[in-house]
Amino acid sequence: MAALEAELAFQTDSCRELSDALATQQLDILTLQRQVRYLSDQLAALRERERQDRAEAPDDERPPHY
């Protein structure tokens, strides 16, 4: 009986540890998703700014290294 109680206690602790690890990983995933969304928005804004700059630049203008 004592061996079964010890095994049950071990399994209970293992389940708690796995649950805590899963919760931590879920928070990490949510943080990474927010960061990817932010970076994606920043990239889209940079591309839009570049597109607007190209549209506003005259076609016959020399590049700055000339």
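Any read-out appearing in this document is the output of simple, stated calculations on the displayed coordinates, not a laboratory observation. Keep in mind it's a predicted model, so treat the numbers as computed, not measured. Note that each Cβ is placed from the backbone with ideal geometry, even for glycine, and that neighbours are counted across all protein chains shown.
Overview of results
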quantity	calculated
Within the chain: Cβ-based charge dipole about Cα centre, in debye rounded to nearest 20 (Lys, Arg +1; Asp, Glu -1)	220 debye
Nearest-ten-degree value, helix 2-56 long axis tilted from longest Cα axis of the chain	10 degrees
Residue among Ala9, Ala23, Ala57 farthest towards the positive dipole end of the range 3-59, charges placed on Cβ	Ala57
Extended-chain gain in nm, criterion 0.36 nm per residue less alpha-carbon gap, Arg47 and Glu5	8.9 nm
Within the chain, helix-based [θ] at 222 nm, where runs of 4 or more DSSP H residues each add -39,500 (n - 2.57), nearest 500	-31500 deg cm²/dmol
Most mobile of Glu56, Glu17, Glu48 in a GNM of the chain (Cα contacts under 10 Å)	Glu56
Estimated distance in nm for a label pair at Leu18 and Arg34, the labels positioned 7 Å out from Cα along Cα-to-Cβ	2.9 nm
